[in-house]
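Before any comments, here is the structure.
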Amino acid sequence: MSLSRVVGAVEIGTSKVTVLVGEIIGDAGLNIISHSACSSKGVKKGVVTDLNAASDCVHATILAAEKKAQTRIDEVYLAQTGSHLRGSFNIGTTNVSSSEGVIRSIDIDQAKQDAKRRKLPPDRTYIHHIQNPFSIDGRQVENPLSKEAQRLQVGYWSVHADSDMVSDSLRVIRGIDLDVSDMIISSIASGAVLLEDSEKENGALVIDIGGGTTDYVLYRKGYIVKTGVVPVGGDHITNDISIGLRIGRKSAEDFKIKNGRAYYVAEDRDETVWLYGDLTIGDREYPLAAITKIIEARISEVFEIIKADLQESELLDAEAIASGVILTGGSSRLAGIDETAQRVLGLSARLTEGPQDVAQELRQPEYSTVLGLLHYALTGQDESQQTTAKPSGILRRLSSILNFD
């Protein structure tokens, strides 16, 4: 009889907390049995700023999801975002130890260890070590074992975070007596369920636009070569509209959803839109150009920052990113955002839904990260699958620091 486990995928976002509950039954697959979401509290730009407020909100969402599922969650897979995340590409090198020049497992392990040798300051901790291809004597290979060479190298994209900010996220979950089995950055989780292997092989840039942050991950030749976080999201657009038009934030958010577009055209100058559209007290007209110019400026800023990051790393190459830009996240629903991305980044861009084998509601862009978390819960994490290395070390270290064990 196959044993089952109930996994909670938790994303603590700036504007919303989302929980997806899945039951994994042996090797038979995954059943999504419930989901819940609520407006976030105590979180800014993806980082917990008020532990009590954030905990109350997350705990209520988890309990609501458990009630719908009529079962308790056994373990949690937790998304991580925030501008405190940093990444670097490190290459590990070793000389082949065998006198015959044949690569053995010990050489491979030595190259991997060398790539991960970089020490961090005491206030930083690694989240992921993401393996890239091996090379032997300067020639790229998938599996170097038993091949003849003098020198072996392997690259890793390593992501590290502020230890205190990560520990606060863990405290939120541990406060409801649940264990965090794994922590995965949001962009990688989204990319895992939105892209086919062929798209990763051809090169793809996944941009996840949330309420307070925009996360991205770049794939080349099937491997993750760069990730990043821009501390700007849909909430900043709402705030810009609120200030620019001198209206409340709720009205600005409704206005953005109803009339917003991510680019300006000359015809917008001649068109007006009503704030409420019901001719009640306070309802008034605004030129559409005022809205579209505000939105275009902020959205373009996000894509310009990503463009600069990729150019600095010499990774913005249309031929090497043939699958183009894949937009996801709740704020990617904004009309015309794909056209603005294409204009700024010089790459084809499109919005995409989640996997077809989940309910229609869960295919919406705001669920891509939690679906990705469940994907990793089902498949596990293996360096050879070009996903992420199991970051059990970080969880053990932080658990020790926080006296969780």
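The values are calculated or read from the model by the stated rules, or taken from the named source; none is laboratory data. These figures come from a predicted structure and were not determined experimentally. Cβ coordinates were reconstructed from backbone atoms using ideal geometry, including for glycine residues, and neighbour counts include every protein chain displayed. Remember, those area values only see protein heavy atoms, side chains included, never the ligands or the DNA or RNA. Shrake-Rupley method; radii C 1.70, N 1.55, O 1.52, S 1.80 Å.
Quick notes on this structure:
- Greater than 19 Å apart at Cα, pairs in 16/45; 41/67; 16/44; 44/293; 116/221; 45/258: 41/67; 44/293; 116/221; 45/258
- Alpha-carbon gyration tensor eigenvalues x 5, square-rooted, for region 82-149, Å: 29, 12, 8
- Alpha-carbon Rg with Dmax, taken over region 37-143, Å: 21.8, 63
- With the biggest extent put first, the Cα atoms of region 209-251 measure 48, 12, 11 Å across the principal axes.
- Percent RCO, i.e. relative contact order, over region 1-154, from Cα pairs under 8 Å lying at least 6 residues apart: 19 percent
- Region 151-208 versus region 278-316: alpha-carbon centroid distance in Å: 27 Å
- Solvent exposure of the chain, expressed per residue, is 46 Å² of accessible area, with all protein chains present and a 1.4 angstrom probe.
- Model label sites at residue 99 and residue 197, defined 7 Å from Cα along the beta-carbon direction, differ in position by 4.1 nm.
- Mean separation of Cα pairs under 8 Å and 6 or more residues apart, divided by the residue count, gives the chain a relative contact order of 17 percent.
- Here the accessible area is traced with a 1.4 Å probe on the protein chains. For the chain, carbon and sulfur cover 46 percent of it.
- By the Kirkwood approach, averaging reciprocal distances over each pair of separate Cα atoms, region 1-74 gets a hydrodynamic radius of 12.8 Å.
- Between the helical axis of 234-245 and the longest alpha-carbon principal axis of the chain there is an angle of about 30 degrees.
- Options (i) 22.8; (ii) 20.0; (iii) 18.9 - which one matches mean projected area of the Cα convex hull in nm² as calculated here: (i)
- Computed from the Kirkwood radius of its Cα pairs, the Stokes-Einstein diffusion coefficient for region 139-294 at 20 °C and 1.002 mPa s stands at 107 µm²/s.
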